[in-house]
Amino acid sequence: MDYVKRFYLAGFFYLALYTGFYQVYLQSLGLSKGQIGLLMGIMLFLVAFLEVPTGVVADKVSKKTSVLMARTLSLLFLFILYSANSFADLLLATIISALSTAFATGAETGWLYELLKEDGRTDEYPKAYGRLRAFETVGGFAGTLAGGVIADVYGMRLPIILSAPFILASLLVLATIPKDTARSGLSYGHHLLESLRFVWNSRDVRWLFIYANIMGLPLTLFTAFMQLYFYGFLASVLAVSWVMALYMAISSASWYFDAGDSTRKRIYSYAGIVIPLLSFLAGLNGWLGFATLVLGTFIFSQAFKEWQGRFQSAIPDEKRATVGSLYSLMAAVANGVLNVILGWLFDYVGIMRGILLASALFLGLGILAFIRNTKDLQNSDVLSMGRP
């Protein structure tokens with residue numbers, strides 16, 4: 001089996017049967033929305049803190065080793081989450097989950113890109129990245145659907161422990177994929193310093209860091225508390241699990257389907273405006289949240305595939321995991337801050353009003369980003385016309 005297909009298969013198996021009701025599970029253990037938001041924020045802050053060290057390890061040792069370590073830690077997370085009975089238990093689970101996430105981010109996509117580059121197939125990367133995300137969400141769809149049914153009949157703990165065999169299967173499939181070969185020969189500190197200099201000196205990479213958050217955060221303000229959003233008017237764990245399964249199905253189809261280069265680039269340019277407008281709709285009415293779910297997921301997936309292609313092609317092989325981790329660090333900090341603020345805001349004014357207020361702010365940022373992208377496009381057109 002081709003190594004790209006093995007990535008797809010590993011992504012499919014990497015499912016968690018509890019994802020459809022995770023926040024409801026935390027609430028059932030006595031946590032408030034503020035505490036749930038705090039845990040989510042801590043998770044993202046820890047990821048931010050751990051991103052760079054794990055990224056450097058991936059570049060200096062092996063991206064494959066880093067990803068396998070991430071899967072192993074995911075198994076440990078499941079056992080702690082299954083037995084959790086207090087905020088302290090959940091905090092420990094959050095720490096393990098953050099370490100697992102840090103080992104995977106930057107390393108997995110960098111590993112795939114480098115293998116394609118060795119075969120002269122880098123033009124396939126945006127589509128391959130989308131397909132990888134699609135297979136992950138197909139597995140997530142099946143797992144969320146099954147997990148919701150199991151939780152409704154047997155309680156919410158059983159689906160957690162039943163996730164372990166699937167994650168183990170994902171780890172075993174990844175172990176059969178060839179290793180990446182690019183290595184940094186610099187010391188840890190020198191490698192990190194050179195990677196930081198590269199990001200600082202590259203205007204394009206700096207803007208890619210910023211624009212990814214301008215696209216992603218407006219959707220996050222809806223999806224971060226989406227389970228509690230829908231639970232607010234559906235009032236059923238099973239119904240919320242089915243909504244999450246629908247989300248997985250829509251996400252899978254959106255990542256799998258490729259709009260084509262020209263359409264994908266156009267969506268990328270407008271995403272910073274369109275996504276906050278869709279989030280604003282979700283704040284107006286609960287049923288409009290389904291429109292946000294469908295359209296927001298599709299637009300973001302197409303825009304982010306375009307972003308991934310631009311990002312990976314702008315980074316040297318020996319710095320790929322570290323620079324990817326630097327981006328993930330910034331994204332984790334931004335998402336962590338947003339989750340903590342949203343947890344407080346939603347407790348204070350309610351989820352619907354909170355979404356309206358945050359969406360209006362992100363719409364303003366999206367308009368400024370669109371103006372900048374338009375100017376860059378015009379400048380590049382002028383430069384290309386001036387070339388012989």
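Odds and ends about this structure:
- Check on PHE198, open to solvent by 40 Å² or more (accessible area, probe 1.4 Å), in the same structural domain as LEU15 (by the TED database) and not β-branched (Val, Ile, Thr): no
- Taken over segment 227-242, the criterion of being under 22 Å from PHE135 (Cβ atoms) and open to solvent by less than 10 Å² (accessible area, probe 1.4 Å) is satisfied by SER241 alone.
- Residues of segment 256-283 that are part of a helix (DSSP H, G or I), at pLDDT below 90 and open to solvent by 40 Å² or more (accessible area, probe 1.4 Å): TYR256, ASP261, SER262, THR263, LYS265, ARG266.
- Selection status of GLY147, outside the structural domain of SER251 (by the TED database) and either farther than 30 Å from LEU15 by Cα or touching a Pro at 6+ places or on another chain (Cβ under 9 Å) (or both): yes
- Within segment 300-318, restricting attention to residues that are in a helix (DSSP H, G or I) and open to solvent by 30 Å² or more (accessible area, probe 1.4 Å), the residue that is modelled with the highest pLDDT is PHE300.
- Single condition TYR125 does not satisfy, out of (1) closer than 26 Å to LEU158 by Cα; (2) touching a helix residue (DSSP H, G or I) at 6+ places or on another chain (Cβ under 7 Å); (3) at pLDDT 85 or above: (1)
- A count restricted to segment 140-177 and to residues that are modelled with pLDDT under 90, surrounded by fewer than 22 Cβ atoms within 10 Å (Cβ to Cβ), in a helix (DSSP H, G or I) and small (Gly, Ala, Ser) stands at 2.
- Boolean, TYR18 is over 17 Å from the mean Cα position of the chain (by Cα), open to solvent by less than 10 Å² (accessible area, probe 1.4 Å), over 30 Å from THR181 (Cα atoms) and of a type in the set (Phe, Trp, Tyr): no
The values are calculated or read from the model by the stated rules, or taken from the named source; none is laboratory data. Note that this is a predicted model, so its numbers are computed, not measured. For neighbour counting, all protein chains shown are included, and Cβ atoms are generated from backbone atoms with ideal geometry for every residue, glycine included. To get the accessible areas, we keep the full protein, side chains included, count just its heavy atoms, and leave off ligands, DNA and RNA. Shrake-Rupley method; radii C 1.70, N 1.55, O 1.52, S 1.80 Å.
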